[in-house]
Amino acid sequence: MAEPILEVQELSIDYPIAIGTVRAVREVSFVLRKGEVLGLVGESGCGKSTLGLSLLRLQKPPGRVVGGRILYRGRDILGMKNGELRRLRGANIAMVFQNPLTSLDPLDRIRDHFLETLAVHEPELPREQALARSREILERLGIEGKRLDEYPHQLSGGMRQRIMIGLGLIHEPEILIADEPTTSLDVIVEAGFIDLLASLKAQYNISIILISHNLAMVAEIADRIAVMYGGRMVEIASAEQIFSEPLHPYTRGLIDCVPNIDAESERLVSMPGSPPDLVSPAAGCPFAPRCAQVMERCRAEAPRLTERGEGRQVSCWLGEGS
Ligand SMILES: Nc1ncnc2c1ncn2[C@@H]1O[C@H](COP(=O)(O)OP(=O)(O)OP(=O)(O)O)[C@@H](O)[C@H]1O
Ligand SMILES: [Mg+2]
């Protein structure tokens with residue numbers, strides 16, 4: 001198994017609000033290995049973006065980390081000074097944001113976006129070399145180099161998406177975090193994007209955290225899938241394990257919601273109940289009110305993420321054996 005390059009341990013993140021505190025991420029732990037694609041899934045509001053942004057200490061204000069550790073190759077990101085953090089961002093870990101279509105400045109040509117991004121970590125790089133690097137990365141992403149002279153509005157949504165990825169990759173980071181990278185794109189472009197990620201993984205041996213509420217999309221590319229519910233990690237397993245034998249009832253529910261083109265019924269199943277209250281959470285497992293297999297213990301005590309063999313982890317009293 002490849003070595004871990006990012007380790008998140010017991011991470012908790014709060015948003016102070018007028019009526020108290022939203023604990024958007026609660027004691028979350030996971031590991032990202034060299035060269036793997038880790039899918040991070042869960043319903044809207046479960047804390048995926050807060051978690052993803054926090055890995056580079058970019059969480060939206062007033063969000064703040066209130067506990068835990070984030071280690072990149074053993075170095076504590078939460079303890080880094082600003083200079084060290086700036087070098088880490090982009091150079092080692094890059095992030096592609098939730099809405100790529102609005103992230104490019106309409107007044108700047110594509111080449112200016114690249115030159116500016118390159119200048120952050122390589123200010124000494126001569127302009128000709130910077131342009132050559134930009135052209136090369138565009139071509140690797142399947143875009144002609146001459147597009148560097150164009151403005152964002154001259155490119156299709158799919159191309160702009162690729163430009164965003166290119167800007168993320170220009171410093172050859174070891175980790176790419178992509179948050180809902182395809183939500184604003186059509187399904188054809190989305191399929192192309194998945195192929196693109198697969199080829200990046202092969203070309204650069206990059207590790208990718210792919211954040212999405214769309215389990216079906218994530219399953220096409222992820223080696224492992226991490227499922228969040230109400231700010232907690234509820235299951236982490238290989239993509240095969242998640243689909244063939246989901247252990248957490250919430251994971252099972254998510255799979256039932258994935259449209260199946262072979263199924264006779266065209267009805268889209270949605271999960272009954274609503275997401276948990278993050279401001280004043282009830283005692284016990286946050287999924288208990290929606291869980292078909294709820295037991296007495298679930299309402300009293302929250303389970304912790306525990307090892308279940310074959311590298312998988314689950315946070316559920318079912319199958320705990322006591
Ligand atoms: N600025 C904020 N102030 C207060 N609460 C916030 C703030 N931003 C997010 N939250 C809360 O934190 C929780 C997690 O939000 P987050 O955006 O991380 O979820 P998400 O899983 O990325 O959702 P989505 O799928 O909609 O992108 C939500 O319940 C949200 O209400
Ligand atoms: Mg989000």
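The values are calculated or read from the model by the stated rules, or taken from the named source; none is laboratory data. Values in this document were obtained by computation on a predicted structure and should not be read as measured data. Note: ideal-geometry Cβ built from the backbone for every residue, glycine included; neighbour counts use all protein chains shown.
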Matching residues in segment 29-64 - criterion: being farther than 22 Å from PRO275 by Cβ and either part of a loop (DSSP other than H, G, I, E, B) or of a type in the set (A, V, I, L, M, F, W, C) (or both): VAL31, LEU32, LYS34, GLY35, GLU36, VAL37, LEU38, LEU55, LEU56, ARG57, LEU58, PRO61
Filtering segment 32-45 down to residues that are buried (at least 19 other Cβ atoms within 10 Å of the Cβ) and closer than 22 Å to PRO173 by Cα, which residue is nearest to ligand 2 (Cβ to nearest atom)? LEU40
Segment 195-218: number of residues that are away from ligand 2 (no atom under 14 Å from the Cβ), part of a helix (DSSP H, G or I) and touching a residue at least 12 places away in the same chain (Cβ under 8 Å): 10
Any residue at all in segment 219-227 that is touching a His at 6+ places or on another chain (Cβ under 7 Å), closer than 16 Å to GLY42 by Cβ and of a type outside the set (Phe, Trp, Tyr)? yes
For residues that are assigned to a helix (DSSP H, G or I) and either surrounded by fewer than 24 Cβ atoms within 10 Å (Cβ to Cβ) or more than 20 Å from the chain's Cα centre (by Cα) (or both), tally how many sit in segment 230-250. 6
Which pairs have Cβ atoms under 6 Å, sit 6 or more apart or on different chains, and link a residue in segment 1-25 that is more than 19 Å from LEU305 (Cβ to Cβ) to one that is among the aromatic types (Phe, Trp, Tyr) and within 8 Å of ligand 1 (Cβ to nearest atom)? VAL22/TYR15
Hey, PRO126 hits all of (1) loosely packed, with under 14 Cβ neighbours inside 10 Å; (2) touching a Gly at 6+ places or on another chain (Cβ under 8 Å) but one; which does it fall short on? (2)
How about segment 46-73: which of its residues are surrounded by fewer than 18 Cβ atoms within 10 Å (Cβ to Cβ) and touching a residue at least 60 places away in the same chain (Cβ under 8 Å)? ARG69, LEU71, ARG73
State whether the residues of segment 66-74 include one that is closer than 23 Å to SER207 by Cβ, within 16 Å of ligand 1 (Cβ to nearest atom), within 14 Å of the chain's Cα centre (by Cα) and at pLDDT 95 or above. no
Quick check: anything in segment 307-320 modelled with pLDDT of 95 or more, closer than 24 Å to SER49 by Cα, surrounded by 19 or more Cβ atoms within 10 Å (Cβ to Cβ) and within 16 Å of ligand 1 (Cβ to nearest atom)? no
Can you tell me which of GLY192, GLY253 is assigned to a helix (DSSP H, G or I), more than 27 Å from ILE165 (Cα to Cα) and at pLDDT below 95? GLY253
